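Trainee: Let me begin by handing over the structure; questions about it come next.
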Amino acid sequence: MHGLMMDQPLLISSLLRHAERHHGDQQIVSRRVEGDIHRYTFRDMAARSRRLANVLRALDVAPRTVVATLAWNGYRHMELYYAVSGSGSVLHTLNPRLHPDQLAWIVGHAQDQILFFDLSFLPLVEQIAAQLPSVRAFVLMTDRGHMPARSGIANLQCYEELVEAAADRFEWPLFDENTASSLCYTSGTTGDPKGVLYSHRSTLLHTFGVALPDSLGLRAQETVLPVVPMFHVNAWGQPYAACMVGAKIVFPGPQLDGKSLYELFETERVTLSSGVPTVWQGLLAYVEQHGLRFSTMKRTVIGGAACPPGMLRAFVQRHGVAVIHGWGMTETSPFGTAAVLKGSQLVLGEEERFSVQAKQGRCVFGIDMKIIDDSGVELPWDGRSSGHLMVRGPWVIERYFKAPPQQQALVDGWFPTGDVATIDRDGFMQITDRSKDVIKSGGEWIGSIDLENIAMSHPAVAMAACIGVPHPKWDERPLLVVQTRPGAAVGRDELIAFYAGKVAKWWIPDDVVFVAEIPLGATGKMLKTELRKRFSDHRLPDAEGR
Ligand code: ADP
């Protein structure tokens, strides 16, 4: 027997309709690429998104056509999120930090037909336009006054002119909720990037998950500033979640340095933000150097890479800002777990709480996880056994974009994340490493994240990466690559001694090298592949006797 309830598809346009009707006066504030601050409401955004949907129609964008964006976090990008997906086309967010050749490859693979881009990416688009045969229209996301007098791009169109000239009336179409809504490629640290094609249904369910109290806990009273980019995994779903709950949203545009972020937090009275650890490092350094305080910020979500425990403590103890450490990946939309305490853990002392919160956390409803050994046997949740992390759920990938149907991304219905993790009795997962970063020493695994966190708790260390380098006896041994804080100094021996008593003796790095800067990838994470290449010939001092 079927239930007798309304059969309404879960569509992205319904979020916009809701925000306009129930939170029409709520604000969206953007620091624009043009340099100024722009301010309008959800009502204005909805009206302009309808005009933009008419623009897409005029540009002959048929349902299922892929439309690309190359843009920072801003209101025009948000309009594209809703206009493109809402009208039944697919929004393909491109990551401008990728190598231009890789970008051209991705655009060709996705067969993007229209490219919308921010003013700051004009030189980049001019450089690669000739390599983008699938793109038949280029739209610069600015007004007439900022359009270049001449450009290497034939028939370059102006976003504001197109939107202003378009009709205001547009009925968001109804269609199957499993229709594709947006597309994001992994950053391709190993091999070619792979496309993850989200659906309206997966996006809506993910949005509910993101907004839940033990996830981001987003509410109409909050002001949220997503530092995580809208060009990578939909800014962790926040442009959708803000509409779902009616939260004020503040977009930082291209200025992600500590000073610019801090000013925006204060002037817009931001209560919640989100970013990768490297961004927060810049912000904390600025705030501490200038003796500043956060007057409204209550919580920050840190994920995308392990949050160093020192950062967690700094936010909580010195600034009174709660940290939600989360884990996810492009293939999981991305939200998977968050380290929010359970009621039974409230009795824990501060130190014990920190050690729980430093983990990647427990599953949000919708996501299930397990850890398995090399032969596929499930491992116990004892907080010690570490194995390959597998996940499943309605917003987890089944197959990569354009992969043949027989080439499922799944193993027995579970997605292998490529991460190595433990899970404790309370269901808190802790990533010890990415499987390709694990250091294999004498047949045992050494997790690099632990070693990096210890190094980063040393006051002179700004950033640390631990990589395996070849060793004649042990196969691999850990080498610590360190970037020191400006003006600070620490020696190799002092850092090695710093590990004493903190990890098993055989985990202690064999050597330390100092670099001016640790290279970061397109999503702000340490590029260990590059470090491994750079130091593959590094001669370790004799590690006998460890
Ligand atoms: P890419 O790094 O290629 O851009 P993703 O953005 O999808 O890909 O990154 C997903 C990966 O990032 C995860 O598989 C995991 O290795 C890492 N990651 C994400 N969040 C965390 C976290 N809180 N702690 C440790 N690693 C994390």
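The values are calculated or read from the model by the stated rules, or taken from the named source; none is laboratory data. Only a predicted model underlies this, so the values are computations on that prediction, with no experimental measurement involved. Here Cβ is always computed from backbone atoms with ideal geometry, including for glycine, and neighbour counts include all displayed protein chains.
Trainee: Read through the list (1) in contact (Cβ under 8 Å) with a residue 40 or more places away in the chain; (2) of a type in the set (A, V, I, L, M); (3) surrounded by fewer than 22 Cβ atoms within 10 Å (Cβ to Cβ), then give the number of the only condition that Leu346 fails.
Mentor: The one condition Leu346 does not meet is (1).
Trainee: Further question: Residues of region 300-310 being more than 11 Å from the ligand (Cβ to nearest atom) and either at pLDDT below 95 or surrounded by fewer than 18 Cβ atoms within 10 Å (Cβ to Cβ) (or both), which ones?
Mentor: Result: Pro309, Gly310.
Trainee: Considering only strands (runs of 3 or more DSSP E) fully contained in region 315-409, which possess at least 3 residues that are of a type in the set (Gly, Ala, Ser) and modelled with pLDDT of 95 or more?
Mentor: Details: elements: 322-328, 335-338, 368-372, 387-392.
Result: 322-328.
Trainee: More than 16 Å from the ligand (Cβ to nearest atom) and buried (at least 18 other Cβ atoms within 10 Å of the Cβ), is that true of Gly366?
Mentor: So Gly366 passes the test.
Trainee: Can you say whether Gly427 is part of a loop (DSSP other than H, G, I, E, B) and under 19 Å from Gly383 (Cβ atoms), as far as the supplied structure shows?
Mentor: yes
Trainee: Check every one of the strands (runs of 3 or more DSSP E) wholly within region 128-220 and list those with 2 or more residues that are surrounded by 14 or more Cβ atoms within 10 Å (Cβ to Cβ) and touching a residue at least 24 places away in the same chain (Cβ under 8 Å). Steps first, please.
Mentor: Numbers: elements: 137-140, 156-158, 180-185, 195-199.
So the answer is 137-140, 180-185, 195-199.
Trainee: Another question, then. Do any strands (runs of 3 or more DSSP E) lying entirely in region 438-492 carry at least 3 residues that are within 20 Å of Lys502 (Cβ to Cβ), and which ones are they?
Mentor: Values: elements: 439-441, 444-446, 461-471, 475-484.
Correct list: 444-446, 461-471, 475-484.
Trainee: Before we move on, is Gly258 within 30 Å of Tyr185 (Cβ to Cβ), in contact with a Phe, Trp or Tyr (Cβ under 6 Å, 6 or more places away or on another chain), more than 16 Å from the ligand (Cβ to nearest atom) and in contact (Cβ under 8 Å) with a residue 60 or more places away in the chain?
Mentor: Taking the combined requirement at face value, the residue does not satisfy it.
Trainee: Taking region 321-343 only, how many residues are more than 9 Å from the ligand (Cβ to nearest atom) and out of contact with any Leu (no Cβ under 6 Å at 6 or more places or on another chain)?
Mentor: 10
Trainee: Could you check region 310-335 and list, in sequence order, the residues that are under 22 Å from Asn453 (Cα atoms) and touching a His at 6+ places or on another chain (Cβ under 8 Å)?
Mentor: Leu312
Trainee: Could you tell me whether region 124-140 includes any residue that is assigned by TED's automatic domain parsing to the domain that holds Asn54, under 30 Å from Leu15 (Cα atoms) and of a type in the set (S, T, N, Q)?
Mentor: No, there is no match, as no residue in region 124-140 is assigned by TED's automatic domain parsing to the domain that holds Asn54, under 30 Å from Leu15 (Cα atoms) and of a type in the set (S, T, N, Q).
Trainee: Cβ-Cβ below 7 Å, separation at least six or inter-chain, first residue in region 361-387 and more than 25 Å from Val210 (Cβ to Cβ), second of a type in the set (Lys, Arg) and assigned to a strand (DSSP E or B): which pairs?
Mentor: Glu378/Lys370
Trainee: Test of understanding: among Val33, Val55, which residue is assigned to a helix (DSSP H, G or I) and β-branched (Val, Ile, Thr)?
Mentor: Among Val33, Val55, only Val55 is assigned to a helix (DSSP H, G or I) and β-branched (Val, Ile, Thr).
Trainee: Of the residues that make up region 492-509, is at least one away from the ligand (no atom under 16 Å from the Cβ), among the β-branched types (Val, Ile, Thr) and over 31 Å from the mean Cα position of the chain (by Cα)?
Mentor: yes
Trainee: Hey, another quick one. Do we have Ala465 as within 20 Å of Arg534 (Cα to Cα) and either in the same structural domain as Asp493 (by TED's automatic domain parsing) or among the small types (Gly, Ala, Ser) (or both) here?
Mentor: The answer is yes for Ala465.
Trainee: Moving on to the next point. Would you be able to tell me the number of residues in region 271-299 that are within 13 Å of the ligand (Cβ to nearest atom) and surrounded by 20 or more Cβ atoms within 10 Å (Cβ to Cβ)?
Mentor: Of the residues in region 271-299, 5 are within 13 Å of the ligand (Cβ to nearest atom) and surrounded by 20 or more Cβ atoms within 10 Å (Cβ to Cβ).
Trainee: Which is of a type in the set (Val, Ile, Thr) and crowded, with 19+ Cβ neighbours inside 10 Å, of Val513, Val503, Val490, Val482?
Mentor: Answer to the check: Val482.
Trainee: So how many residues does region 410-424 have that are part of a strand (DSSP E or B) and away from the ligand (no atom under 15 Å from the Cβ)? I'd like the intermediate steps shown before the answer.
Mentor: Looking only at region 410-424, we keep the residues that are part of a strand (DSSP E or B), and these are 411, 414-423.
After this cut, where a residue has to be away from the ligand (no atom under 15 Å from the Cβ) as well, the list is 411.
Of the residues in region 410-424, 1 are part of a strand (DSSP E or B) and away from the ligand (no atom under 15 Å from the Cβ).
Trainee: Hey, another quick one. Kindly evaluate Thr179 against the criterion of being of a type in the set (S, T, N, Q), more than 14 Å from the ligand (Cβ to nearest atom) and not assigned by TED's automatic domain parsing to the domain that holds Leu115.
Mentor: The answer is no for Thr179.
Trainee: Can you pull out every residue in region 284-309 that is assigned to a loop (DSSP other than H, G, I, E, B), closer than 28 Å to Ala421 by Cα and out of contact with any His (no Cβ under 6 Å at 6 or more places or on another chain)?
Mentor: The answer is Gly303, Gly304, Ala305, Ala306, Pro308.
Trainee: Just to check your reading of the model, which residue among Val210, Val227 is closer than 30 Å to Glu530 by Cα and of a type in the set (A, V, I, L, M)?
Mentor: Values: Val210 fails: closer than 30 Å to Glu530 by Cα.
Testing whether each residue is closer than 30 Å to Glu530 by Cα and of a type in the set (A, V, I, L, M) leaves just Val227.
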